[in-house]
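Structure first, commentary second.
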Amino acid sequence: MKTVNHWIGGKTVEGASGNYGPVTDPATGEVTTQVALASAEEVDAAVRIAKEAYLSWGQSSLAARTKVLFAYRALLDANRDAIAELITAEHGKVHSDALGEVARGLEIVELACGITTQLKGELSTSVSNRVDVSAIRQPLGVVAGITPFNFPAMVPMWMFPLAVACGNTFILKPSEKDPSAANKLAELATEAGLPAGVLNVVHGDKVAVDALLSHPDIAAVSFVGSTPIARHIHTTASANGKRVQALGGAKNHMLVLPDADLDAAADAAVSAAYGSAGERCMAISAVVAVGSIADELVDKIRERAEKIKIGPGNDPTSEMGPLITAAHRDKVASYVKGAADQGADVVLDGTGYTVDGFENGHWIGLSLLDNVKTDSDAYRDEIFGPVLCVLRAETYEEGVALINASPFGNGTAIFTRDGGAARRFQLEIEAGMVGVNVPIPVPVGYHSFGGWKDSLFGDHHIYGNDGIHFYTRGKVVTTRWPDPSEGHIGVDLGFPRNH
């Protein structure tokens, strides 16, 4: 059986703990790989190597860093398909989704390639008599990233390219459910010329995570995952004196006003709710239909959802793949099975779905729940699967109040032809990312990604300007030099003397 080991100091390092975790092909249900799970001692060894690498990398020139990053960008581009194939094999998402994930990660690498302008400081001259003040930003040291299973290439690339561009060294702890993409990213970085020890991949479970959160030589921790874990990461790492950005879960709403293009809204709802099998924190999981359009909108969503082809991710005709594990599939199905008892109308029931020839895969079909109540489990919880809830509101104000009452505030969207309503919405809604006739408003790389309320713990969003500020710290230097004309200062520079 294939084994995925750690990548430390620019090379593969075999696991020494004796503990391994299974990696499953979600389309077949077969365990295809095992991944080494690091002990606290192995994490410590990786941090020591990263700390040693920081001594030189942190002092390296911006020109040297960007040279590596430009080469890295070219290698990633040339290896898009290879990375996407690893994602499909271990996560299950269809190849086109996996390629899209790589492309979004590349945006942040491209942002990191322009770090020379992002790290420019500030200077104020003559703030007093021959006194100048400058502000600069410097790296933190060794930083860590803990990333989720749903985007095994993109989310790591939201973190480490900016971190190393800023002069830090990085320890990546990816999900143990689909670890191979992380190793591929690190191998390509080494091939691009990144010095040994600057980017390290340590695989593991809670043991490795806890070791990172408590390690005295790690200055900052980035995390993307569920809200309970994000809260734990933030609390624990902060208590250990670390800077933390911990992005949590979501319950993203799409408000559809009566004047909206319902065909466009239905298309958007289907792609945003069921794309990547709903396993993404920016999925639309709740549609709020305002006024009399609800029945028609639900019919249009149902018609489109029934046509989605579900199958193995490596089948080019598949539009949606399986879920990551059988346990997660069963958990998602439980919300659909209990929906009717909690007052919902089950328009589409995707539970019990199988694919011929792949009966042991982690399959589930698309589910659509109408007339969902706000106190039901299907509405309150982040399901993280292909389940779309439809709620109804009589007015715009009622719809906004419903959305703002959610404890989550990651992303949201409004569908309308009315510019005034859209403007009100973007100002009144309590969420970190807003789409206007855009169902999944993930910002481009040079704007930052992050939510409000229980969707974010910490002060900084991820990537963009916030990411650069997170991975650096400010320093202000106040300087005063004597004027060379004021007496002899050791070297005669030929200036006239003052009398």
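The values are calculated or read from the model by the stated rules, or taken from the named source; none is laboratory data. What you are looking at is a predicted structure, and each value in this text was computed from that prediction instead of being measured. Heads up, the Cβs are rebuilt from the backbone with ideal geometry, glycines too, and the neighbour counts pull from every protein chain shown. These area figures cover heavy atoms from the full protein model, side chains too; ligands, DNA and RNA do not enter into them. Shrake-Rupley method; radii C 1.70, N 1.55, O 1.52, S 1.80 Å.
Residues in region 242-287 that are part of a helix (DSSP H, G or I) and open to solvent by less than 40 Å² (accessible area, probe 1.4 Å): 13 in all. Those helices (runs of 4 or more DSSP H) of region 288-404 that lie entirely within it include none in which at least 3 residues are polar (S, T, N, Q), within 19 Å of Met254 (Cα to Cα) and open to solvent by 40 Å² or more (accessible area, probe 1.4 Å). Of all residues in region 389-415, those that are of a type in the set (D, E, K, R) have Cβ atoms under 6 Å from Cβ atoms of residues that are modelled with pLDDT of 95 or more and in a helix (DSSP H, G or I), 6 or more apart or on another chain, in Arg392/Ala294. Counting only residues that are open to solvent by 10 Å² or more (accessible area, probe 1.4 Å) and over 26 Å from Gly21 (Cα atoms), region 193-223 holds 7 of them.
Where helices (runs of 4 or more DSSP H) fall entirely within region 31-93, those with at least 2 residues that are open to solvent by 30 Å² or more (accessible area, probe 1.4 Å) and more than 27 Å from Asp210 (Cα to Cα) are at 62-78, 80-91. Scanning region 1-26 for residues that are hydrophobic (A, V, I, L, M, F, W, C), surrounded by 14 or more Cβ atoms within 10 Å (Cβ to Cβ) and either at pLDDT below 95 or under 24 Å from the mean Cα position of the chain (by Cα) (or both) yields Val4, Trp7, Ile8, Val23.
If you go through region 212-241 and pick out every residue that is in a loop (DSSP other than H, G, I, E, B) and over 25 Å from Leu86 (Cβ atoms), you end up with 5.
Within region 129-172, the set of residues being open to solvent by 20 Å² or more (accessible area, probe 1.4 Å) and either among the aromatic types (Phe, Trp, Tyr) or at pLDDT below 95 (or both) comprises Asn129, Arg130, Phe149, Phe151.
Of the candidates Ser226, Ser238, Ser175, the single residue that is modelled with pLDDT of 95 or more, buried (at least 22 other Cβ atoms within 10 Å of the Cβ) and over 30 Å from Tyr396 (Cβ atoms) is Ser175.
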